[in-house]
2 protein chains.
Amino acid sequence: MIVTVTPNPALDLTWHVDRIVQGETHRADAGIARAGGKGLNVARVAHAQGASVLALATSGGATGVEFAAELASSPVPHELVPVQGATRRSVALVDEHLGDTTIVNERGINPTTQEWEALKAAVVRALDAPATKATKPVLVLSGSLPPGAPDDLLPTLIRIGRDAGAIVIADTSGPALLAAADAGATVLKPNAAELAEATGIADPIAGACELLHRGASLVLLSRGADGMLAVTADEVVRARLPHPLAGNPTGAGDAAVAACAVLMAQGEKDPTVLLRRATAWSAAAVLMPLAGEIHPSWPDLESALLIDSPSLMALSRPSTERTPR
Amino acid sequence: MIVTVTPNPALDLTWHVDRIVQGETHRADAGIARAGGKGLNVARVAHAQGASVLALATSGGATGVEFAAELASSPVPHELVPVQGATRRSVALVDEHLGDTTIVNERGINPTTQEWEALKAAVVRALDAPATKATKPVLVLSGSLPPGAPDDLLPTLIRIGRDAGAIVIADTSGPALLAAADAGATVLKPNAAELAEATGIADPIAGACELLHRGASLVLLSRGADGMLAVTADEVVRARLPHPLAGNPTGAGDAAVAACAVLMAQGEKDPTVLLRRATAWSAAAVLMPLAGEIHPSWPDLESALLIDSPSLMALSRPSTERTPR
């Protein structure tokens, strides 16, 4: 069973506009409203691929009502912790002419201490449920935290997961990424920029090793069109497609997390197997218009992957090499 | 009593972003949600200036719930006709750096025949109420219609107003502007571009005369920084500020309509008096950040207005002079 936690969910609103001219007024058809947030994308992908899933999130205010209604109309099992602050909105304006998307993400409202406690209690309950224990329990913690969220929130959730015997996968950035490593998250999935920003180390393999030294077991590093790296204490494996794919990269990282969660819930531990599936689902997400979906051709993508172990020379670089902050 | 009708209301969402870069992802504080639509702006301004007002609109779906809640938290008396289709959204992204605003307006969902009948019945009831009849009743019909709205909707509403003995002010554009003139709306308030587009006549005074010939009594023509014109069968009067104002033009036309409605409900008929107040409130709206509000300094703006009668030479131009369509 996979339990996903989305501590800062959003009502994702998307409008398609013929051609966006800044400062002008445009007409558009009705926008699409969807319950969004990285943990929900992970849950959507994992559920669609047949995994047993529970998505946990907060919801509040008028936007929370719409968020909850949209989620209720989806097939994804979920539990929403009610909060006073309104669920944030995320706005995407798709320029149909240029094919690009301009996004405005609200930062989100920090729940109260009591509300965070209620979310933690929901995680404890979910991990303790008999259905969760039927397979290897996996706890996925994904996405941003609202400004003002307690520093110990993510470490506490990771400890709750570890105490329940769960594999913990965290997809976060900034200081929270280091805190997640320190707290012993099993898998971390930064992208190259997030890893460099959090660790201050320019070299991606050296940065991944920093997270391993702090307490993580596996770092899955997403590198956009260059595929992904899996880094453990024992090995570095690289997976990439022979040709880059054009499409919508939003949600590609969430699909990678979903792949890892689904396989680990089945008992899979081999980093290369996890990396291959994560890279394939990530690529298959690029082919879909909406985050939280992957293209059914993913087995073909997985078969086509180029797998190798890049030179470990990078590891021998002095660990004091840091990027300017 | 002023009854405003907003046949295509919107939940107006506004986000302030430091600097918008197309195709990029931005962070922003929570957006502002407000019940919007031109008739509601008119009602807000008229009510704030002490007039007796009832705002009529439709509301539906999750956005309609939020729309209704926001309106309920405002002091403006209103009645909402429930509809199945979700109230549309309007999105404004304010670039704090450049100071411009990019707007995406959803077109809106056409109510059913039964729902339109319910709106018409609400207008009949409102105009028939004893409170409405205490002063001269004024019916204000403002803003766009959703795609697919019946062609006879606006003429029917105008006829309902006339049958109830009300002054009817219509702020619309396109073929609906001509239909409103044909149906005998008392006052029409196009801007210069809308007038030229609807009548096919480039000269604004000749275009206004076309609307008078069709059945209107007064045309208030808004000309942006060039102020306003009042055109009746007997005279043409121009009002403008000695210096242009910088600010937010959204809602300036609605403030002009509100001024006209408030004075006419008090029995005022002099086009110059109506024009002066309309121009002053319109300018005072430019000084406010939100549509539906006017700056309290409007009496000073009204005192400063330059009033004249422009040459009527324009009227002697052949009426066959038409702009290319």
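Each Cα pair of the range A:260-305 feeds into the Kirkwood radius, which the Stokes-Einstein equation turns, at 37 °C and 0.692 mPa s, into a diffusion coefficient of 302 µm²/s. For the range A:74-82, putting each phi into the Karplus relation 6.51 cos²θ - 1.76 cosθ + 1.60 with θ = phi - 60° gives couplings of 8, x, 7, x, 7, 9, 10, 8, x Hz, in residue order, rounded to whole numbers and with x for Gly and Pro.
Which shape class applies to the range A:138-242: rounded if a/c is under 1.5, otherwise prolate when a/b exceeds b/c and oblate if not, where a ≥ b ≥ c are the square roots of the Cα gyration tensor eigenvalues? Note, shape of the range A:138-242 comes out prolate.
Beta bridges assigned by DSSP with both partners in the range B:51-175 are antiparallel in approximately 35 percent of cases.
On the principal axes of its alpha-carbon atoms, the range B:162-214 has extents of 35, 17, 14 Å, going from largest to smallest. For chain A, the carbon plus sulfur part of the accessible surface works out to 54%, probe radius 1.4 Å.
In the frame of its principal axes, the range A:167-325 has Cα extents of 43, 30, 28 Å, reported largest first. FRET efficiency for the B:Arg19 to A:Asp152 pair, using the beta carbon distance and R₀ = 25 Å, is estimated at 0.15.
Within the same chain, aspartates and glutamates fewer than 8 places from A:Lys189 are excluded, and of the rest, those with a Cα less than 13 Å from its Cα are A:Asp171, A:Asp254. Annotation: amide H-H contacts under 5 Å for B:Asn191 (H modelled 1.01 Å from N, sequence separation of 5 or more, or interchain): B:Ser222. The C-alpha atoms of the range A:103-152 occupy a region whose extents along the principal axes are 39, 28, 15 Å, arranged from largest to smallest.
Label-point spacing at B:Pro175 relative to the other copies reads 6.2 nm, in ascending order, each point sitting 7 Å out from Cα along Cα→Cβ. Along the range A:190-200 the Karplus relation, 6.51 cos²θ - 1.76 cosθ + 1.60 evaluated at θ = phi - 60°, assigns HN-Hα couplings of x, 8, 4, 5, 5, 5, 5, 5, 6, 8, x Hz to successive residues, with x for each Gly and Pro.
According to the square roots a ≥ b ≥ c of the eigenvalues of the Cα gyration tensor, what is the shape class of chain A, taking rounded for a/c under 1.5, prolate for a/b larger than b/c otherwise, and oblate for the remainder?
Values: a/c = 1.43, a/b = 1.15, b/c = 1.25.
Judged from the Cα gyration tensor, chain A comes out rounded (a/c under 1.5).
What net charge do the residues around B:Val91 carry, taking every other residue with its C-beta under 11 Å from that of B:Val91, with Lys and Arg at +1 and Asp and Glu at -1? Net charge in that neighbourhood comes out at +1. Counting from the shortest, the label point at A:Glu79, 7 Å from Cα toward Cβ, is 4.7 nm from the same position in each remaining copy.
With every protein chain kept in place and ligands, DNA and RNA left out, what is the accessible area per residue of the range B:160-284? Probe 1.4 Å, answer in Å².
Details: 4270 Å² over 125 residues.
That works out to 34 Å² per residue.
For the range A:3-13, 3J(HN,Hα) computed residue by residue from phi via the Karplus equation (6.51, -1.76, 1.60; θ = phi - 60°) reads 10, 9, 10, 10, x, 9, x, 9, 7, 7, 10 Hz, glycine and proline entered as x. Taking every DSSP helix (H) stretch of at least 4 residues in the protein assembly as shown, weighting each as -39,500 (n - 2.57) and dividing the sum by the residue count yields a mean residue ellipticity at 222 nm of -11000 deg cm²/dmol. Each distinct pair of alpha carbons in the range B:126-186 adds a 1/r term; the inverse of their mean, the Kirkwood radius, is 11.9 Å.
Of all aspartates and glutamates in the structure, those lying under 17 Å Cα to Cα from B:Lys133, and not within fewer than 8 positions of it along the same chain, are B:Asp163, B:Glu268.
Between the beta carbons of B:Ala118 and A:Ile32, assuming R0 = 25 Å, the FRET efficiency works out to 0.30 to the nearest 0.05. When the Cα positions of A:Pro82, A:Pro130, A:Ala181 are compared along the charge dipole of chain A, A:Pro130 comes out farthest toward the positive end, with charges on each C-beta of Lys, Arg, Asp and Glu.
Note on B:Thr135 and A:Ala131: the model spin-label points, each 7 Å out from Cα along the C-beta direction, lie 6.1 nm apart.
Both chains summed, the buried accessible area for B and A stands near 3100 Å², from protein heavy atoms and a 1.4 Å probe. In this calculation the C-beta distance from A:Asp226 to A:Asp163 is compared with R0 = 35 Å, giving a FRET efficiency of 0.40.
Less than 5 angstrom separates the built amide H of B:Thr25 from those of A:Ile103, all sequence-distant by 5 or more or on a different chain.
Comparing A:Ala43, A:Ala230, A:Ala192 in a Gaussian network model of chain A (Cα springs below 10 Å), the most mobile by mean-square fluctuation is A:Ala192. Summing +1 for each Lys or Arg and -1 for each Asp or Glu among the other residues whose beta-carbon sits under 13 angstrom from that of B:Ala164 gives +4.
Once the partner protein chains are put back, the range B:70-104 shows a loss of at least 20 square angstrom of accessible area, versus the chain by itself, at B:Arg89, B:Val91, B:Leu93, B:Asp100, B:Thr101, B:Thr102, B:Ile103, B:Val104 (probe 1.4 Å, ligands and nucleic acids excluded). Derived value for the range B:32-91: Kirkwood hydrodynamic radius 11.7 Å. Basis is the mean of 1/r over every pair of different alpha-carbon atoms.
When averaged across all projection directions, what area in nm² does the alpha-carbon convex hull of the range B:19-66 cover? Numbers along the way, then the final one.
Details: hull surface 23.1 nm².
It is 5.8 nm².
Across the range B:231-288, how large is the tail of the calculated P(r) beyond 18 Å, expressed as a percent of all Cα pairs?
Details: 572 of 1653 pairs.
Result: 35 percent of Cα pairs exceed 18 Å.
Spatial offset of the range B:143-222 relative to the range A:26-82 amounts to 45 Å, using the alpha carbon center of each. Gaussian network model of chain B, Cα springs within a sub-10 Å range: biggest mean-square fluctuation belongs to which of B:Gly99, B:Gly215, B:Gly161? Checking each option, the largest mean-square fluctuation is seen for B:Gly99. Residues whose amide H lies under 5 Å from that of B:Leu56, counting only those 5 or more places away or on a different chain, are B:Thr4, B:Val5, B:Thr6, B:Glu79; hydrogens are built 1.01 Å from N in the peptide plane.
The values are calculated or read from the model by the stated rules, or taken from the named source; none is laboratory data. Because the structure is a prediction, the values reported are computed rather than measured. Here Cβ is always computed from backbone atoms with ideal geometry, including for glycine, and neighbour counts include all displayed protein chains. The area values use the complete protein model at the heavy-atom level, side chains included, leaving out ligands, DNA and RNA. Shrake-Rupley method; radii C 1.70, N 1.55, O 1.52, S 1.80 Å.
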